[in-house]
Amino acid sequence: MQRRIVVTGAAGFVGSNLTKLLLDRGYAVRGIDNLSAGTAENVDERLEFHAIDIRAPEIYPLFEEADAVFHLAAKTCLPECVSKPLEAASMNVMGTLNVLEAARRAKVRKFIYADTSAEYEGIKEFPTPEEHIRPIGIYAASKHGGATFCESYRELYGINVTILRYFNVYGPAQDWRRVIPPVMSSFIIRMLQGEQPAIYGTGEKRRDFIYVDDVNDFHLLVLEDQRTDGKVFNVGSGINFSVNEIYKLVEELLKTGLRPIYKPDLPGEAQITLADLTSAMALGWKPRIAITEGLARTVEYLKSRVLKSEVSSLGAK
Ligand SMILES: NC(=O)c1ccc[n+]([C@@H]2O[C@H](COP(=O)([O-])OP(=O)(O)OC[C@H]3O[C@@H](n4cnc5c(N)ncnc54)[C@H](O)[C@@H]3O)[C@@H](O)[C@H]2O)c1
């Protein structure tokens, strides 16, 4: 029988890549997203899509007969979380609670929660294993609140929760329009448009970047492999790069001659992230896409989808 999966945050970066893969693999997929950050163009035409807020009780019927839930919807923009902490908590804590409640009522077998490496903000052990966390910022605290409710639902109601702590995911469909966009797409799009990329701080912060297809490989494994039930996994590449190194790699690909502009540092960000992947790799998964390959694929996507559509919308004016 065809298996039914609910994906929240389906119009966002990771959610849109995930729904496409699940549809390709023959799953019946329901997507939920209020389009507060995600975009309609990210929604696959094959998807049964519902433009609803995850905090609304109207989501409950959408979980009926679902075999699994990937809960990805969240307020993800760090500066917005800092300027609107109540809204961050409302979406990331109360929103998660309502999705858990929907899954409990519908007796969904498996619940996969998109947690974050920001849980490790105050931890100075590298590579960082899953055991110890110390969230500090508003985004991290709100995602931690959601994760804590996941654990309560597991303990009290027997919902089978798997928590994934993504590191810096990059690839096609990452939002390059935000005020302070995620680093990869922001560099590439600015440089493709002939503008200098912006680096906040010295550019020496190091991040563990993982290509979205590698994350998706792990999503499929989690869905099918019962050894992941009730566990927490880091999902990163196990290698980190400084922001300056990423700029150099992008420049090697694009050869624009554009130098970065250095702007004041963004407060509250960790200096280093680096995943210990022992638990995930013990299941037979490993990241496959090297940074050079991932960046080249992201450049191709941005060139073909974003620049082309900008040119055609200019032509239409
Ligand atoms: N991308 C990363 O590097 C990364 C790293 C760590 C954790 N994560 C987590 O992975 C998940 C997906 O991240 P992403 O990068 O795709 O983010 P994203 O912002 O692109 O996607 C999140 C989606 O959730 C939707 N959303 C937000 N609030 C909602 C609400 N109240 N109701 C319905 N929909 C709502 C947004 O419209 C958006 O489409 C998030 O939970 C995030 O915390 C992502």
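More than 30 Å from Ala106 (Cα to Cα) and within 14 Å of the ligand (Cβ to nearest atom), is that true of Asn168? Answer is yes for this residue. Being touching a Ser or Thr at 6+ places or on another chain (Cβ under 9 Å), farther than 21 Å from Thr278 by Cβ and surrounded by 24 or more Cβ atoms within 10 Å (Cβ to Cβ) is not true of Gly194.
Among the residues making up the range 53-78, those that are surrounded by 16 or more Cβ atoms within 10 Å (Cβ to Cβ), assigned to a loop (DSSP other than H, G, I, E, B) and within 12 Å of the ligand (Cβ to nearest atom) are Asp53, Ile54, Arg55, Leu72, Ala73, Ala74, Lys75, Thr76, Cys77. For Ala296, the conditions (1) surrounded by 19 or more Cβ atoms within 10 Å (Cβ to Cβ); (2) within 16 Å of Val183 (Cα to Cα) all hold with the exception of (1). Here is a list: Asn98, Asn34, Asn92. Which entry is surrounded by 20 or more Cβ atoms within 10 Å (Cβ to Cβ) and not hydroxyl-bearing (Ser, Thr, Tyr)? Answer to the selection: Asn92.
Pairing each residue of the range 281-295 that is within 16 Å of Glu224 (Cα to Cα) and among the aliphatic types (A, V, I, L, M) with any residue that is open to solvent by 30 Å² or more (accessible area, probe 1.4 Å) and outside any loop (DSSP other than H, G, I, E, B), provided the two are 6+ apart or on different chains, yields C-beta distances under 8 Å for Leu283/Leu221; Leu283/Arg227. For the range 1-31, filtering for residues that are open to solvent by 50 Å² or more (accessible area, probe 1.4 Å), within 20 Å of Gly171 (Cβ to Cβ) and in a loop (DSSP other than H, G, I, E, B) leaves 1. Considered as a group, the residues in the range 128-148 that are part of a helix (DSSP H, G or I) and either free of Cβ contacts under 8 Å to residues at least 24 places away in the same chain or open to solvent by 20 Å² or more (accessible area, probe 1.4 Å) (or both) include one that is farthest from the ligand (Cβ to nearest atom), and that residue is Thr148.
Might you check whether a residue that is more than 19 Å from Leu221 (Cα to Cα) and within 13 Å of the ligand (Cβ to nearest atom) occurs anywhere in the range 14-25?
At the first step, the residues of the range 14-25 found to be more than 19 Å from Leu221 (Cα to Cα) are none.
The answer is no, given that none of the residues of the range 14-25 is more than 19 Å from Leu221 (Cα to Cα) and within 13 Å of the ligand (Cβ to nearest atom).
The single residue among Gln193, Gln174 that is of a type in the set (S, T, N, Q) and out of contact with any Pro (no Cβ under 8 Å at 6 or more places or on another chain) turns out to be Gln193.
Could you say which residue among Glu151, Glu125, Glu155 is within 21 Å of the chain's Cα centre (by Cα), open to solvent by 20 Å² or more (accessible area, probe 1.4 Å) and either under 14 Å from Gln271 (Cβ atoms) or more than 12 Å from the ligand (Cβ to nearest atom) (or both)? Give the derivation first.
On the way: Glu125 fails: within 21 Å of the chain's Cα centre (by Cα); Glu155 fails: within 21 Å of the chain's Cα centre (by Cα).
Just a single option satisfies the conditions, and that option is Glu151.
Lys286 meets all of the listed conditions (1) modelled with pLDDT of 95 or more; (2) closer than 30 Å to Lys124 by Cβ; (3) in contact with a strand residue (DSSP E or B) (Cβ under 9 Å, 6 or more places away or on another chain) but one, namely (3).
Suppose we filter the range 248-275 for residues that are closer than 19 Å to Ala118 by Cβ and surrounded by fewer than 18 Cβ atoms within 10 Å (Cβ to Cβ); how many remain? Write out each step before concluding.
Kept after step one, since they are closer than 19 Å to Ala118 by Cβ, are these residues of the range 248-275: 265-275.
Filter once more, so that each one left must be surrounded by fewer than 18 Cβ atoms within 10 Å (Cβ to Cβ): 265-269, 271-272.
Residues meeting the conditions: 7.
Of everything in the range 71-101, what is among the small types (Gly, Ala, Ser) and without any contact (Cβ under 8 Å) to a residue 40 or more places away in the chain? Give them in sequence order. Listed by number, the residues that qualify are Ser83, Ser90.
So for the range 96-111 (the condition being within 11 Å of the ligand (Cβ to nearest atom), at pLDDT 95 or above, touching a Ser or Thr at 6+ places or on another chain (Cβ under 8 Å) and within 24 Å of Pro182 (Cα to Cα)), does at least one residue qualify?
Applying the first criterion (within 11 Å of the ligand (Cβ to nearest atom)) to the range 96-111 yields 96, 98-99.
Now restrict to residues that are at pLDDT 95 or above: 96, 98-99.
Going one step further and asking which of them are touching a Ser or Thr at 6+ places or on another chain (Cβ under 8 Å), we end up with 99.
Now drop any that are not within 24 Å of Pro182 (Cα to Cα), which leaves none.
No: zero hits.
How about the range 26-47: which of its residues are small (Gly, Ala, Ser) and within 15 Å of the ligand (Cβ to nearest atom)? Even if it seems obvious, please write down each step before you answer.
Of the residues in the range 26-47, the ones small (Gly, Ala, Ser) are 26, 28, 31, 36-38, 40.
Within the range 26-47, Gly31, Ser36, Ala37, Gly38, Ala40 meet the criteria.
The values are calculated or read from the model by the stated rules, or taken from the named source; none is laboratory data. Computed from a prediction, not measured in an experiment: that's the story for all the values here. Positions of Cβ are generated from backbone atoms using ideal geometry, with glycine treated the same way; all protein chains shown enter the neighbour counts. Just so you know, the surface numbers come from the protein's heavy atoms only, side chains and all, with ligands and any DNA or RNA stripped out. Shrake-Rupley method; radii C 1.70, N 1.55, O 1.52, S 1.80 Å.
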